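Peer 1: Have a look at this one before I ask anything.
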Amino acid sequence: MTRSTTGGLSLSWSQVTARRLVRQGLDIHSQSARPAEIVRALCGAHAQVASAAFWSIGLRGASLTSTEVKDALWTEHSLVKTFGPRGTVHLLATQDLPLWAGALLAIPPSHNGHSKEVRLTPEQTDEVIKAIAAALVDTELTIDELSDAVIAATGPWAGERVMPAFNDMWPRWRMALAQSGFRGALCFGPNQGTKVTYTSPRRFLPAFAPVEERSALVWLLKSYLSAYGPATPQHFAQWLNAPRSWARELFNALSDELEEVSVNGSLAWAVAGDTAFPSSSLQSVRLLPYFDAYIVGSQSRELLFPGQAAQRALTPSGQAGNYPVLLINGIVAGVWHQRRSGRWLDITVEPFDQLTATQRHELDGQVERMGAFLNAQPRLTLGPVIAGAHA
């Protein structure tokens, strides 16, 4: 680690990845970290695929089981399943929910291409969220039950099927679903069979209220830079699906609390005073699941997904997370897939290069760890992965 000609720190990519591995629990398996602590360090665990979210947490612990993660979510309520960054489903630390709400509500809204005639007005959004909060105050409802309650409380306009989604049309009120999560009116409850349910986070966080905007944004930016920094406003905007101009303004407004550094000659930012970096790369082999936070949040893509990795493990649009990846020393070095049959867990790993003896040994350990987490007997095969990307 050296000083650049401008006086800031000059860092190599290997130093940056080494710190990210440490900060996100991917260097060594923690012997004591609990699920909520792990999720806080990641700035949330993407939970579009529930089993993947659980493994994102479990692979960072030495002895955590899938049951312990489920208990943290549904019994202890130290985790909450709700809408997080990008309006996508995440597991968040319950104690941080007021901070998340304050920060996410401060991001300029995205209309996702919906025309003005289709979108909810601000007044309609408020009405829908009020109806959702009232319907879920002391119960759990499926999406159909919640839809009936919202339409009954607001009017037929809320039930007009105008929102394209998954080869179907959803009722208009569902445009406010993520905003309902941001405002604390809604979170996910345990499934009823195969059906998703929703409930109120105030059932286990009675004093919930969004934190004031500036304080919440300071917390979120510093948390992001701690886990994924150094980073640029563009990286932060992409992580949140927020306007780049808004992110630049935020970085500028908080410039006194940030510090410029150079990464491979490019300017980036870290939290002021938080500029300790390893002097060399770290050796580790990890099997990251769909949408693991390390892959989704880390930039730059061309360095994280070098060569064949970009072609094999990114979507054509450059989106990360749609493939489970083999991570070697913080860099994407392969893809993998799992299939469970009874007590057997068959894991196929496709490395992009020949594994060293040490890497193969660590991969074997990672496979055994996954088997223990899922209470299954794992079997490893090295070879082509034919499974496609997750939508």
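Peer 1: Provide the net charge surrounding Glu145, with neighbours chosen by a C-beta distance below 15 Å and charges set as Lys +1, Arg +1, Asp -1, Glu -1.
Peer 2: That works out to -2.
Peer 1: Once amide H atoms are built 1.01 Å from N in the peptide plane, which residues 5 or more positions from Gly61, or in another chain, come under 5 Å H to H?
Peer 2: Those lying under 5 Å, H to H, from Gly61 are Ser30.
Peer 1: Taking Rh as the Kirkwood radius, which is the inverse of the mean 1/r over Cα pairs, what is the Rg/Rh value for the stretch 221-346?
Peer 2: On the way: Rg = 16.6 Å, Rh = 16.1 Å.
That ratio equals 1.03.
Peer 1: With a ≥ b ≥ c taken as the square roots of the eigenvalues of the C-alpha gyration tensor of the stretch 81-162, please select rounded if a/c is under 1.5 and otherwise prolate if a/b is larger than b/c or oblate if it is not? Show your work: numbers first, answer last.
Peer 2: On the way: a/c = 1.99, a/b = 1.21, b/c = 1.65.
It is oblate, given that a/c is not under 1.5 and a/b is not larger than b/c.
Peer 1: How do Trp55, Trp344, Trp239, Trp246 rank when sorted from fewest to most other Cβ atoms within 10 Å of their own Cβ? Intermediate results must be reported in sequence, preceding the final value.
Peer 2: Numbers: Trp55 25, Trp344 12, Trp239 21, Trp246 16.
In order of increasing Cβ crowding within 10 Å: Trp344, Trp246, Trp239, Trp55.
Peer 1: Can you list the HN-Hα couplings for the stretch 82-93, worked out from phi with the Karplus curve (6.51, -1.76, 1.60; θ = phi - 60°), rounded to whole Hz and with x for Gly and Pro?
Peer 2: Those phi angles translate into 7, 8, x, x, 6, x, 9, 6, 9, 9, 10, 5 Hz.
Peer 1: Tabulate in residue order the Karplus-calculated ³J(HN,Hα) for the stretch 226-233, using 6.51 cos²θ - 1.76 cosθ + 1.60 with θ = phi - 60°, rounded to whole Hz; enter x for Gly and Pro.
Peer 2: 5, 8, 10, x, x, 8, 10, x
Peer 1: Can you list residues whose amide H is under 5 Å from Gly189's amide H, if they're 5+ apart or on another chain and H is modeled 1.01 Å from N?
Peer 2: Thr197, Tyr198, Thr199
Peer 1: Within 12 Å, Cβ to Cβ, of Ala376, how many net charges do the neighbouring residues add up to if Lys/Arg are +1 and Asp/Glu are -1? Could you put the intermediate results ahead of the total?
Peer 2: Details: positive: Arg339, Arg340, Arg343, Arg369, Arg379; negative: Asp346, Glu368.
Computed value for this residue: +3.
Peer 1: Mind pulling up the Rg/Rh value for the chain? Radius of gyration and Kirkwood radius, both on Cα. Please report the intermediate quantities before stating the final value.
Peer 2: Working: Rg = 21.5 Å, Rh = 22.1 Å.
Here the Rg-to-Rh quotient is 0.97.
Peer 1: List the lysines whose Cα sits under 16 Å from the Cα of Lys70, skipping any in the same chain fewer than 8 residues away.
Peer 2: Cross-link targets: Lys81.
Peer 1: Considering Cα pairs under 8 angstrom that are at least six residues apart, work out the relative contact order of the stretch 298-382 and quote it in whole percent.
Peer 2: Values: 114 pairs, mean separation 18.7, N = 85.
22 percent.
Peer 1: Ok, one more. When Trp157, Trp170 are ordered from fewest to most other Cβ atoms inside 10 Å of their Cβ, what list results? Can you show the working numbers first?
Peer 2: On the way: Trp157 14, Trp170 18.
Result, fewest neighbours first: Trp157, Trp170.
Peer 1: Also: If contacts are Cα pairs under 8 angstrom and at least 6 residues apart, what is the relative contact order of the chain in percent? Numbers along the way, then the final one.
Peer 2: Details: 700 pairs, mean separation 71.3, N = 391.
Relative contact order for the chain comes out at 18 percent.
Read-outs: derived from the displayed coordinates by stated rules, not from any lab. Here the structure is a predicted model, which means the values were calculated and not measured. For neighbour counting, all protein chains shown are included, and Cβ atoms are generated from backbone atoms with ideal geometry for every residue, glycine included.
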